[in-house]
Amino acid sequence: MQELTHWINGKHVKGTSGRFADVFNPATGEVQAKVPLASKAELDAAVAAAAAQQPKWAATNPQRRARVMMEFVRLLNRDMDKLAEALSREHGKTIPDAKGDVQRGLEVIEFCIGAPHLLKGEFTDSAGPGIDMYSMRQALGVVAGITPFNFPAMIPMWKMGPALACGNAFILKPSERDPSVPLMLAELMQEAGLPDGILQVVNGDKESVDAILDNPVIQAIGFVGSTPIAEYIYGRGCSNGKRVQCFGGAKNHMIIMPDADMDQAADALVGAGYGAAGERCMAISVAVPVGDKTADALIERLVPRIEKLKVGPYTAGNDVDYGPLVTGAAMTRVKGLISSGVEQGADLVVDGRDFKLQGYESGFFVGPTLFDRVTRDMDIYKQEIFGPVLSTVRAKSYEEALSYAMDHEYGNGTAIFTRDGDTARDFANRINIGMIGINVPIPVPLAYHTFGGWKKSGFGDLNQHGPDSFRFYTRTKTITSRWPSGIKEGGEFNFKAMD
Ligand code: NAD
């Protein structure tokens, strides 16, 4: 049994707490490694070591820090296959999807190569007589990221890239379910030239998260995960005086107008609903066709597409559409929710509960599942399922469809499929959700824009990646400077405008 480690001061370090978690191969159900769960003392020691190194890193000019990012991008491309394989082995997603996970993180690192430009301050010459005013962005010090299992490469990179490029030291607490890729990323950062101690990977669970929340040296926390944990981290982190941004769960609706291209909409729904087994915060989990005719046409097109989906292990090659869920507990929970949908009166059109794959009987697979006539009061509508389950909610009008997405407590992403520009424009303007797709089912913004949901999907006021991330990981300092010439006139006592 492989024993994983932490990554502290540029080295793999064994856990000393005596506590471990199992890391599964979700396709076979076997435990393939154990990951150490750090104690508070281990976390605090990693932070202290990072704090000692951080001022030197912050004083390294931004262009040199950017060159580390540039080299890191080269190494990610060099090791793409190796990273994707390790990722699929612990997460279960297909190899092409795992490469996408690495790629979407890599693109944020590419954005961070622009650090010298992004960190430039503002300057006003002669703001008053002999007075110049300027502002600069300074690193916060030691900051931390707490990340979920579903994107074990991308989300750690979304956090570490901007934090490091800004001159911070970064403590990464990755998901304990798939910790190998984060450790590999740390090795590559070292190879790219990052000084030891500036990036520490501390594996763990609630104990290490609480230690992060309470450590007085840590200045900021970026979290991604489920909403209850996001709310907990936001509350406790903020009350401890930290800068905190937390991104939570989702229930993304896709509205299908009667004028939409139905084949295009059905294709989009199948990819966005079942890709990565529905374990994406931007997955579409609710289809909202407008009018019964639209709903019937949609279901008629969805069923044959769903029946053709290939579910299997990542090792089965490129024609697998999606793999297993991450753990047996996740599988049991998703199947339980499907049963609750049946009990609460939804029409189960395609049932994935009994899916079995020869040779992989102990894997955590759930077959693609489709519900029709789902209503607002059902658990499958209210809760984030995070599995390969698509619910159809029939709306009588555009306004009713809009109200479904707007009234839901989550507000991460949403999409509308229509051929009418006016409807699309109205939708984009009125909806209270952070990321909107117009004939695009999964509207994940690219690295140079920002990513973030509203309502119970996001806590804090700045988004992830893009320019917001450089604001989040820096503090602004504004300097008013006067170099007087001539005779000094004595003190001034009134707070006055500069003339
Ligand atoms: P999770 O909330 O279980 O875990 C996230 C992190 O929190 C992990 O590092 C975990 O170790 C830690 N954690 C778990 N329980 C904790 C506790 N009781 N106290 C303190 N820390 C704890 O989430 P997950 O299952 O790993 O990821 C799936 C969730 O993440 C879904 O809800 C998904 O929608 C969400 N997600 C959101 C976004 C986004 O940008 N909004 C992106 C990806 C995933």
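Per q in 0.16, 0.22 1/Å, what log10 I(q)/I(0) does a Debye calculation on the alpha-carbon atoms of the stretch 269-364 return?
The calculated log intensity ratios at q = 0.16, 0.22 Å⁻¹ are -0.78, -1.42.
Mind checking the full-extension length gain between Lys382 and Arg64? Use 0.36 nm per residue of separation minus the Cα-Cα distance, one decimal, nm. Write down the numbers at each step before the final one.
Values: separation 318, 0.36 × 318 = 114.48 nm, distance 4.83 nm.
So the extension gain works out to 109.6 nm.
Net charge within 9 Å of Arg137 by Cβ-Cβ distance, Lys/Arg positive one each and Asp/Glu negative one each, not counting Arg137 itself? List each step's numbers first, then the result.
Numbers: positive: Lys120, Arg471, Arg475, Lys477; negative: none.
Overall, the nearby charge balance is +4.
What stretch of the chain, leaving out the sites themselves, is the longest with no GluC sites (Glu not before Pro) in a DSSP loop having at most 16 other Cβ atoms within 10 Å? Don't skip to the answer; put the middle values down first.
Numbers: sites that count: Glu361, Glu409, Glu489, Glu492.
That gives 1-360 as the longest site-free run.
Treat every Asp and Glu Cβ in the stretch 252-438 as -1 and every Lys and Arg Cβ as +1, leave all other atoms uncharged, and give the resulting dipole magnitude about the Cα centre to the nearest 20 debye. Each step should come with its number before you reach the end.
Working: 18 positive and 27 negative charges, 69 e Å.
Here the stretch 252-438 has a charge dipole of around 340 debye.
Cα to Cα, under 12 Å, and not fewer than 8 places away if on the same chain: which aspartates and glutamates meet these conditions relative to Lys477?
Glu122
Report, as a whole number in µm² per second, the diffusion coefficient that Stokes-Einstein gives for the stretch 252-438 at 20 °C and 1.002 mPa s using the Kirkwood radius over alpha carbon pairs.
Details: Rh = 16.6 Å.
For these conditions, the coefficient is 129 µm²/s.
What's the angle, to the nearest 10 degrees (0 to 90), between helix 62-78's Cα axis and the longest principal axis of the chain?
That helix lies at roughly 30 degrees to the long axis.
Can you tell me the dipole magnitude for the chain around its Cα centre, using point charges on the Cβ only (Lys, Arg +1; Asp, Glu -1), in Debye to the nearest 20? Working shown, then result.
Working: 52 positive and 59 negative charges, 278 e Å.
Approximately 1340 debye in magnitude.
At a Förster distance of 51 Å, what's the computed FRET efficiency of Leu446 paired with Phe493, Cβ-Cβ distance as r, to 0.05?
Values: r = 53 Å, r/R0 = 1.03.
Plugging the Cβ-Cβ distance into 1/(1 + (r/R0)^6) gives 0.45.
What Kirkwood hydrodynamic radius do you get for the chain when you take the inverse of the mean 1/r over all pairs of distinct Cα atoms, in Å? If you can, show how the numbers build up before the last one.
Numbers: mean 1/r = 0.0416 Å⁻¹.
The answer is 24.0 Å.
Any lysines with Cα under 25 Å of the Lys310 Cα? List them, leaving off those in the same chain fewer than 8 positions away.
Lys82, Lys93, Lys99, Lys251, Lys335, Lys356
Translational D (Stokes-Einstein, µm²/s) of the stretch 36-105 at 37 °C and 0.692 mPa s when Rh comes from the Kirkwood sum over C-alpha pairs?
Details: Rh = 14.9 Å.
Taking Rh from Cα pairs, D becomes 220 µm²/s.
Of Pro441, Ala346, Gly458, whose Cα points farthest to the positive end of the dipole of the chain (charges on the beta-carbon: +1 Lys, Arg; -1 Asp, Glu; origin at the Cα centre)?
Checking the options against the dipole of the chain, the answer is Gly458.
If each DSSP helix of 4+ residues adds -39,500 (n - 2.57) and the sum is divided by the residues in the chain, what number results at 222 nm, nearest 500 deg cm²/dmol? Please report the intermediate quantities before stating the final value.
Values: 16 runs with 193 residues, N = 499.
Taking each H run of at least 4 residues, the total per residue is -12000 deg cm²/dmol.
Identify the residues of the stretch 184-214 with backbone N under 16 Å of a label point that sits 7 angstrom from the Cα of Asn9 along the Cα-to-Cβ direction, or state none.
Residues 195-202 qualify, since their backbone N sits under 16 Å from the label point.
Which semi-axes, in whole Å and largest first, does the equivalent ellipsoid of the stretch 16-169 have when worked out from the alpha carbon gyration tensor as the square roots of 5 times its eigenvalues?
Details: eigenvalues 278, 88, 27 Å².
Taking √(5λ) for each Cα gyration eigenvalue gives 37, 21, 12 Å.
How large is Rg/Rh for the stretch 120-247, to two decimals, with Cα atoms and a Kirkwood Rh?
Working: Rg = 17.0 Å, Rh = 15.7 Å.
So for the stretch 120-247, dividing Rg by the Kirkwood Rh gives 1.08.
Each reported figure results from applying straightforward, stated rules to the coordinates on display, with no laboratory input. The model shown is predicted, which means the values in this text are computed figures rather than measured ones. All Cβ positions, even for glycine, are placed from backbone atoms using ideal geometry, and neighbour counts span all protein chains on display.
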